[in-house]
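Structure first, then comments.
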Amino acid sequence: MKQYLLSLYHSDEYMPAPAAMDQIMKDVDALNSELQSEGAWVFAGGLRPASTATVVRVDGGGGFLTTDGPFIEGKEHIGGFWVIKAPDLDSALDWGRKATRACQLPVEVRPLHEEAEA
């Protein structure tokens with residue numbers, strides 16, 4: 001089976017009301033359980049705000065430069081993700097639809113390189 005990254009995006013200011021957040025967490029837990037029971041689960045995680053990011057890049061002299069903050073400035077950043085297994089893009093998109101319903105946020109579905117492609 002192929003692997004896909006399901007990324008959810010939101011602004012750093014995103015914070016649903018407590019009751020809404022409770023429902024979202026219940027829906028995400030249910031989705032995670034379904035992914036696991038269907039054998040599609042690889043792993044998942046939520047991310048801290050983009051303001052907590054640290055960027056490492058190669059400088060001109062062969063050393064490294066480390067800076068605070070996200071690599072790109074934007075209104076939205078990745079807030080969490082799943083890596084799933086699915087037989088094809090249509091199946092991965094079905095999981096993406098379930099994820100966006102559970103989180104109430106946009107979800108990007110993207111295939112990972114297969115080992116032979118890497």
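A short reminder: the numbers here are calculations on the coordinates, not readings from a lab. It should be emphasised that the depicted structure is a prediction, and the values quoted were computed from it without experimental measurement.
Observations, loosely collected:
- Added length on full extension, which subtracts the Cα-Cα distance from 0.36 nm per residue, Ala17 to Leu5: 1.6 nm
- Translational D in µm²/s for the chain (Stokes-Einstein at 37 °C, 0.692 mPa s, Kirkwood Rh from C-alpha pairs): 207
- Inter-part distance where segment 64-118 and segment 12-39 are each reduced to a Cα centre, Å: 16
- In the chain, the calculated helix contribution to ellipticity at 222 nm averages -10000 deg cm²/dmol per residue, counting -39,500 (n - 2.57) for every DSSP H run with n ≥ 4.
- For Lys2, residues with placed amide H under 5 Å, excluding near neighbours: Ala86
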